[in-house]
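First comes the structure, then the notes that go with it.
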Amino acid sequence: MMNLIQTITSKVPVLPLFATSESRQAGGAAEARTSTGTSGTSGTGKAEKRMRMETHDLTVRYGSTVGVKNVSLPIYDKQVLALIGPSGCGKTTYLRALNRMHDLTRGATVTGSVLLDGKNIYDSEVNPVIIRRRIGMVFQKPTPFPTMSIYDNVVAGLKLVGIRKKNVLDEVCERALKQAALFGEVKDRLNSPGSSLSGGQQQRLSIARALAVDPEVMLMDEPTSSLDPQSTSRIEDLIHELKNQVTIVIVTHNMQQAARVSDNTAFFYVGDLIEYGPTSTLFTKPKETRTEEYITGQFG
Amino acid sequence: MKTLLQRNIRDRIMESLLVLSTIVVLLPLIIILVHVVLNGISALNWDFFTQELGSPSRAMQGRPTGLVHTIIGTVVIDFLALFLAVPIGMGAGIMLSEFPDHKLNPTLRIMNDTLNGMPAILKGLLAFVLIVKPMGTFSGLAGAVALAFVMIPIIARTTESALMSIPWSIREAGLAIGLPRWRVVLSTVMPAARFGLVTGTLIAFARAAGEAAPLLFTSFGNNYLPNHWLGMLLGPVDTLPQRLYSLAISPYSHWHSMGWAAAIVLLVFVIFCFATARYLTRQKH
Amino acid sequence: MTLDNNNPANGSKEAQELLRRPPSALYRWLGDRIFAVVVVMLGMSIIALAAGMAIVLYGEGSAALRQFGFLGFVTGTTWDPAVQLVFGAFPFLFGTVVTSVAALLISFFPAIGVAIFTAEYAPRWLSAIIDNLIQLIAAVPSVVIGIWGIFVLAPWMRDNVYLPIFTWAETSYPALLPILGNPMGYGLATATIVLSLMIVPFTTALAKDAIKSVPVAQREASRALGATKWEVIRMAVLPYARGGILAGAILSLGRAIGETMAVAMLIGNKNTLPFSIFGAGATMPSVIVNEFREAVETLHLSSLMAVGFTLFIIALIVNLAAAYLTRKFSIKGGQVV
């Protein structure tokens with residue numbers, strides 16, 4: 001029996017839960033490859049730009065339909081990458097490939113590679129559960145766990161994997177809620193149900209929940225599209241703060257939002273990556289006509 | 001060509017027929033309930049709840065007799081059956097809902113629907129062959145297994161339905177913070193579905209609690225309380241539905257009165273469970 | 001938020017340690033694999049259960065089926081456990097079919113009537129009460145209806161219905177007597193009557209669902225043509241709902257076939273044809289109930305099991321038909337108890 005368990009668990013990932021300093025250097029040693037079409041290496045003026053993640057020829061198919069085709073993109077550490085494009089262009093499909101959410105979609109096949117610190121997360125010995133702790137995700141509609149309090153919601157990612165020491169949970173809860181700029185509003189009612197918050201607060205709760213497990217990358221799928229303008233701008237401010245701590249990739253159908261919050265932008269159209277570059281460049285001097293047409297509102 | 005007046009008259013007639021149908025259907029129910037209460041209430045005395053049945057002569061001689069062993073037996077067997085049925089039923093429901101692509105699912109659904117529609121007596125026969133024959137004796141265990149066979153398909157169906165009503169986004173949210181699937185199902189989805197899960201289980205319990213046929217050849221019946229609790233599992237045991245049947249077809253009038261009383265107890269028990277399930281369903285909304 | 005060990009914003013050492021530690025084997029693939037295996041095994045046990053029922057009933061009944069041949073068994077009219085040890089199940093087949101079909105015919109229109117009344121005419125509060133009462137009919141255990149039947153219904157029917165008809169037939173129409181049979185009170189007629197009451201909820205529930213799901217557009221179109229309320233129902237609603245109504249009827253038939261206790265207590269237990277309307281009879285479930293506990297001969301037991309197998313086959317066919325129809329007309333499976 002023990003042999004059986006050993007055999008089973010020996011196949012389980014060697015990939016550490018969090019990047020240690022060694023693996024960070026290994027990731028940094030990889031060249032910063034950019035996508036087809038643009039260079040965009042020195043636009044932001046940052047002193048050192050390291051790639052936290054990158055994709056090579058990433059293709060996602062649902063049965064015979066293609067969601068995204070051959071997308072190669074760099075995702076720089078502690079920067080915000082915005083994915084824009086009209087509906088159905090594949091930006092959300094691309095985003096979900098970054099944390100292996102397609103593993104659960106019927107008939108979805110993913111080819112190409114997605115590297116986190118240089119290692120392909122789709123390798124066979126990589127455990128997707130661990131990947132999703134390192135790469136967190138926030139969805140369009142906030143979904144607090146309906147039966148849990150605010151506190152339990154935030155620490156769910158710890159409590160439900162066996163970390164139960166109260167002092168640790170308390171500390172993580174406070175830290176995550178502060179990071180999500182929600183602590184002040186809820187600190188006196190941490191035990192009330194998660195569903196008792198307003199829409200904007202629920203979304204920040206979802207962000208806190210994702211931050212509690214200390215991810216390296218945060219994926220955000222149109223996080224403000226179901227919120228009112230005030231909550232939207234609060235979350236945009238939040239993104240500005242957060243990017244000092246986490247790498248962020250955000251899908252948005254709102255171009256102004258992309259221009260406001262991101263450092264780099266990628267424009268998708270019908271499953272293809274059309275253009276990628278620093279946000280300021282892409283929005284003022286886009287290289288492709290299609291990009292220009294979209295930005296100037298001629299379609300989408 | 002009918003005139004408007006004729007059509008209106010016809011409308012009125014149809015409406016009266018519909019009301020009549022409703023009365024025709026509901027009246028017997030009321031009559032049954034009234035008869036049960038009127039005939040049984042007098043036998044619902046202290047002895048009923050504290051004495052064993054014993055032989056027919058006990059009743060005929062006016063000595064104390066009752067159905068305490070029956071009530072205890074019913075409770076024991078019903079809960080044992082629940083204990084056996086819930087893991088299997090919920091497991092199947094989880095399989096259908098959380099692993100929707102599994103290739104056995106269509107087969108499982110058909111088989112489950114089939115089992116659901118099978119008369120309970122066949123489930124009793126199955127338990128007879130599987131448990132009574134090898135054991136060589138009628139037993140409470142066999143009765144519990146037979147009732148579990150009745151409960152399982154109902155629990156499976158209601159569990160699947162309850163879990164499927166939880167939006168997929170809850171599962172995604174759990175997975176996105178790095179929870180393994182089993183944690184997501186057990187700790188986020190199932191608690192969210194707890195109303196549906198509980199009411200489904202209650203309904204299955206109530207259905208099985210009213211069944212007599214499967215018990216006739218499994219727990220068989222016993223005029224006395226077994227000495228040891230193990231005797232309940234390994235030997236014949238009395239249960240309300242089966243005892244009700246025996247009393248009703250017996251030739252002794254005192255036993256008939258006890259039969260009516262047993263009917264009241266059984267009715268109250270079963271209706272209470274159904275009503276609770278109904279109440280919980282409405283609470284959710 | 002990565003490992004800047006000097007950054008106090010990351011939290012205490014303890015928290016960092018815990019977050020950094022890889023989760024135990026249970027929380028990795030092992031946990032998910034165990035979960036999947038357990039769940040699938042539980043699911044498969046239901047498949048095993050269903051298959052087991054068919055196999056066991058056939059297996060136990062095979063002695064009788066081999067002796068008489070399946071067709072011979074099912075068409076044989078002699079059931080004699082005492083003298084000849086010959087077992088033919090046709091009387092029970094006949095009894096089941098006759099009582100079930102008759103019960104369906106008797107209950108169909110009243111059940112639909114209730115469905116229409118609660119769906120279209122009754123005010124909300126009344127509908128709710130009626131619905132609950134109908135559900136109550138399905139909730140009442142069969143034995144309770146049985147005991148009421150024995151001590152209340154059967155004597156009453158005998159005295160107020162059967163006997164008068166019988167005496168009338170004696171004087172005016174003697175040719176009818178053999179069909180009517182002896183008015184004892186227990187018999188096919190009484191059993192059929194309780195059966196019709198017991199299966200009403202199933203037809204009503206599915207019919208009501210079907211009626212309620214008729215789109216408003218259909219009704220409005222008829223109204224706009226100047227139809228009266230009943231005419232709208234007859235022309236627009238019922239035809240549209242006929243799928244669900246049919247499914248409800250077949251479901252009721254399936255329940256009638258399997259209904260055991262009340263029928264066994266009221267049908268009088270006569271094992272030989274011909275059956276008469278007022279006279280005793282038997283159905284497949286009733287003969288099993290009435291003879292199983294006393295059966296000692298192996299062939300007798302085996303024959304009873306074979307009757308069970310036959311019941312299984314018939315119930316299977318009817319339920320598959322009901323399931324097919326329910327899915328075809330995508331009525332939700334009915335909240336019937």
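Which whole-Hz ³J(HN,Hα) couplings does the stretch A:51-59 yield from phi under the Karplus relation 6.51 cos²θ - 1.76 cosθ + 1.60, θ = phi - 60°, glycine and proline marked x?
8, 7, 9, 8, 10, 10, 6, 6, 10
Using alpha carbons only, how many angstrom separate the centre of the stretch B:160-206 from the centre of the stretch A:112-161?
So the separation of the two Cα centres works out to 19 Å.
Taking a point 7 angstrom from the Cα of residue A:56 along the C-beta vector, which residues in the stretch A:102-123 have backbone N less than 14 Å away?
Within reach of a label on residue A:56, which here means backbone N under 14 Å from a point 7 Å along Cα→Cβ, the stretch A:102-123 contributes A:111-123.
Could you go through the stretch C:132-138 in sequence order and give the Karplus-derived ³J(HN,Hα) for each residue, using 6.51 cos²θ - 1.76 cosθ + 1.60 with θ = phi - 60°, rounded to whole Hz, and x for Gly and Pro?
3J(HN,Hα) across the stretch C:132-138, in whole Hz: 4, 5, 4, 4, 4, 4, 6.
What average count of beta carbons from other chains do you get within 10 Å of the Cβ of residues in A:128-139?
Going residue by residue through A:128-139 and averaging, the value is 5.
Taking amide H atoms as placed 1.01 Å from N in the peptide plane, list the residues 5 or more away in sequence, or in a different chain, whose amide H sits under 5 Å from that of residue A:268.
Answer set, sorted by chain and number: A:84, A:85, A:274.
For residue A:149, list long-range residues whose amide hydrogen, built 1.01 Å from N in the peptide plane, is under 5 Å from its own amide hydrogen.
A:194
What's the whole-number percent of alpha carbon pairs in chain C lying beyond 36 angstrom?
Taking all Cα-Cα pairs of chain C, the fraction more than 36 Å apart is 41 percent.
Given the Cα-Cα distance of residue B:169 and residue B:137 and 0.36 nm per residue of separation, how much length would full extension add, in nm?
Net length gain for the segment: 6.3 nm.
When you look at the Cβ of every residue in B:95-105, what mean number of other chain Cβ atoms sits within 10 Å?
3
What aspartates and glutamates could a cross-link reach from residue A:91, if we take a straight Cα to Cα line under 13 Å and drop same-chain neighbours fewer than 8 places away?
A:221, A:222, A:272, A:275
Taking the Cβ of residue A:180 as the center, what net charge do the other residues with Cβ under 14 Å away carry, scoring Lys and Arg +1 and Asp and Glu -1?
+1
What's the local net charge at residue C:139, with K and R +1, D and E -1, over the other residues with C-beta under 12 Å away?
Value of the local net charge: +2.
Would you work out the relative contact order for chain C, in percent, from Cα pairs under 8 angstrom that are 6 or more residues apart?
25 percent
What is the local net charge at residue C:312, summed over the other residues whose Cβ is closer than 14 Å to its Cβ (Lys, Arg +1; Asp, Glu -1)?
0
What does the structure give for B:209-222 when I average, per residue, the other chain Cβ atoms found within 10 Å of the residue Cβ?
If you average over the peptide's residues, the count of other-chain Cβ atoms is 4.
Excluding residues on the same chain fewer than 8 positions from residue B:2, give the aspartates and glutamates whose Cα lies under 16 Å from its Cα.
Here the aspartates and glutamates satisfying the reach criterion relative to residue B:2 are B:11, C:231.
For residue B:123, give me every one of the lysines with a C-alpha distance below 20 angstrom, ignoring sequence neighbours fewer than eight places off in its own chain.
B:133
For each pair in C:229/C:328; A:166/A:187; A:49/A:119; A:69/A:119, compute the distance between the two Cα atoms and list the pairs where it is over 25 Å.
Cα-Cα > 25 Å for C:229/C:328; rest within.
Restricting to the protein assembly as shown, compute how many DSSP beta bridges are antiparallel as a %, nearest 5.
55 percent
Around residue A:66, which amide H atoms from residues at least 5 apart in sequence, or from another chain, sit under 5 Å from its own amide H, with H modelled in the peptide plane?
So residue A:66 has HN proximity to no qualifying residue.
Give me the log10 of I(q) over I(0) for the stretch B:4-43 at q = 0.18 Å⁻¹, as the Debye formula computes it from C-alpha points; what are the numbers?
Normalising to I(0) and taking log10 leaves -0.60.
Relative to the Cα centre, what is the charge dipole magnitude of the stretch C:69-328, using +1 at the beta carbon of each Lys and Arg, -1 at the beta carbon of each Asp and Glu, and rounding to the nearest 20 debye?
That gives the stretch C:69-328 a dipole magnitude of about 940 debye.
Karplus couplings for the stretch B:203-210 from phi (6.51 cos²θ - 1.76 cosθ + 1.60, θ = phi - 60°), rounded to Hz, Gly and Pro as x?
5, 4, 4, 5, 4, 5, 5, x
The numbers here are math on the coordinates, done by the rules we state, and not lab data. None of the values given here were measured: they were computed from a predicted structure. Cβ coordinates were reconstructed from backbone atoms using ideal geometry, including for glycine residues, and neighbour counts include every protein chain displayed.
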